[in-house]
Amino acid sequence: MTQQPRDTPQFYLTAPTTCPYLPGKEERKVFTHLVGDRAAALNDMLTHGGFRRSQSIAYRPACELCRACVSVRVVVDDFVPTASQKRAMRRNADVVGDVRGAVPTAEQYSLFRSYLDARHPNGGMADMSVLDYAMMIEDSHVRTRLIEYRRRGPDTAINGRGTGQLLGVCLTDVLSDGLSMVYSFYDPGESQRSLGGFIILDHIAKARRLSLPYVYLGYWVDGSRKMDYKRHFNPQQRLGPEGWEGVETA
């Protein structure tokens, strides 16, 4: 009998559950654990293959009758903002994203709760406690950062930090070829700022400064209004049967 090395990943399949994106559908996921010294390299490889990370788990859809979930990444060097995206950047010219270690705070959790209560009151994360939030941030064996968004202050040009009210947060993995946006949330009372789109635009700018070619946005789901915003960041690549393929969307 051939014995598998102890650090060889083992993959598991979940039972069917109600799809959170498409009514009348069920979803299944294949997943593995991201632990140990090889976690970062494995996360890189699996992300390239369409997996996403949640804490120390990497997963991807494995639905029997549906292929609506498609992995999307923005091509950083070729990205050209649309007129509406340029307006979002102008509206948030007074905001700066401060890159920090993955350390949760009470201020972040308060914003997280406000975001969930306003935008996803019936979602799968609606009941997350402060301890659940801390686990989401801290339970990682890969290179993970938190980016906090606040208004620029008098010393921002020196220390790179904003001041005052916390407007948004993004949990971001740093991969060998890009930034992977694991989860973002923002102040629902600042809807005029288009903070969700601005956070993506800021990640594209940060990836460009780091000479990283891609920003991974997770899954675009054809037919899901909540995922439709991802098609507006072009040019982008989508993962298909033949690998990553470039697309231009409206």
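The values are calculated or read from the model by the stated rules, or taken from the named source; none is laboratory data. Please read these numbers as outputs of a predicted model, since none were measured by experiment. Note that each Cβ is placed from the backbone with ideal geometry, even for glycine, and that neighbours are counted across all protein chains shown. Note: areas computed on protein heavy atoms with side chains; ligands, DNA, RNA excluded. Shrake-Rupley method; radii C 1.70, N 1.55, O 1.52, S 1.80 Å.
Quick one: net charge of PHE31's neighbours, Cβ under 13 Å, K/R +1, D/E -1?
Net charge around PHE31: +4.
Which whole-number value in Å³ per residue fits the convex hull of the alpha carbons of the range 108-171?
Value for the range 108-171: 96 Å³ per residue.
What area, in nm² and to one decimal, does the C-alpha convex hull of the range 66-129 cast on average over all directions?
7.9
Please work out the C-alpha center-to-center distance from the range 141-190 to the range 83-101 and express it in whole Å.
First find each Cα centre; the distance between them is then 11 Å.
What is the Rg over Rh value, at two decimals, for the range 118-250, using alpha-carbon atoms and the Kirkwood definition of Rh?
Rounded to two decimals, Rg/Rh equals 0.97.
Taking only the alpha-carbon atoms of the chain, what semi-axes of the equivalent ellipsoid follow from 5 times the gyration tensor eigenvalues under a square root, in whole Å, largest first?
After diagonalising the Cα gyration tensor, the semi-axes are 29, 21, 20 Å.
For the range 164-250, report the accessible area per residue in Å² (1.4 Å probe, heavy atoms, rounded to an integer).
In whole numbers, the range 164-250 has 42 Å² accessible per residue.
Applying the Karplus parametrisation 6.51 cos²θ - 1.76 cosθ + 1.60 with θ = phi - 60° to the phi angles of the range 146-152, what ³J(HN,Hα) value in whole Hz is obtained for each residue in order, glycine and proline being reported as x?
10, 10, 9, 10, 9, 5, 4
Quick one: which residues, 5 or more positions from ALA62 or on another chain, have an amide H under 5 Å from its amide H? H modelled 1.01 Å from N in the peptide plane, none for Pro or chain starts.
ARG28, LYS29, VAL30
If you roll a 1.4 Å probe over the chain with all protein chains in place, what percent of the accessible area is carbon or sulfur?
Looking at the chain in its full context, I get 52 percent from C and S.
Could you rank the peptides 47-53, 230-236 by their average count of other C-beta atoms within 10 Å per residue, with the highest value first?
47-53, 230-236
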